[in-house]
Amino acid sequence: MNTNQMYLIQILLPLYDNEGNPIPLAHHRAVKRELAERFHGLTAYNRAPAEGLWTKGRKTHRDDIIIYEVMIRSRQMSWWRGFRQRLEKLFRQDSVVVRAQAIELM
């Protein structure tokens, strides 16, 4: 087993709900706190929101998002599925993207 093998988990969270209302900053703070405590650190890309685009039917939608990242050795799929479902309720979203990418530390 390669001891440098890890997973980069990215969570894409919106700044506004589906009706265009701002997501309370307390929600984002709670996510950061939970991830930092559970995984002993995180990276948040929040200085300039990223832009997310998607098409539903003939209409293109836009989101301002913040990306949170953690690095982990084991994917813990059941925990992440439950976490994603909690985020969807908290952030009032039909779907929240949580993705994993295998990485190797140099």
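Which of the residues belonging to the range 32-75 are at pLDDT 90 or above and of a type in the set (S, T, N, Q)? Answer for the range 32-75, where residues must be at pLDDT 90 or above and of a type in the set (S, T, N, Q): T43, S74. For the range 59-70, the criterion of being farther than 19 Å from S95 by Cα and more than 12 Å from the chain's Cα centre (by Cα) is met by none of the residues.
For W54, the conditions (1) assigned to a strand (DSSP E or B); (2) more than 17 Å from L12 (Cβ to Cβ) are fulfilled apart from (2). When the range 57-80 is filtered for residues that are of a type in the set (K, R) and either in contact (Cβ under 8 Å) with a residue 12 or more places away in the chain or farther than 17 Å from L13 by Cα (or both), the ones remaining, listed by number, are R58, K59, R73, R75. Evaluated against (1) touching a strand residue (DSSP E or B) at 6+ places or on another chain (Cβ under 6 Å); (2) surrounded by 14 or more Cβ atoms within 10 Å (Cβ to Cβ), R73 falls short on exactly one condition, (2). Of note, A36 satisfies the criterion of being surrounded by 14 or more Cβ atoms within 10 Å (Cβ to Cβ) and either touching a Leu at 6+ places or on another chain (Cβ under 6 Å) or in a helix (DSSP H, G or I) (or both). Filter the range 1-31 for residues that are modelled with pLDDT of 95 or more and of a type in the set (G, A, S) and give the result. Across the range 1-31, the qualifying residues are A26, A30. Across the range 76-106, the qualifying residues are those that are part of a strand (DSSP E or B) and of a type outside the set (V, I, T), and the one among them that is farthest from the chain's Cα centre (by Cα) is E104.
The values are calculated or read from the model by the stated rules, or taken from the named source; none is laboratory data. Note that this is a predicted model, so its numbers are computed, not measured. A quick note on method: Cβ atoms are made from the backbone with ideal geometry, for glycine too, and the neighbour counts reach across all protein chains shown.
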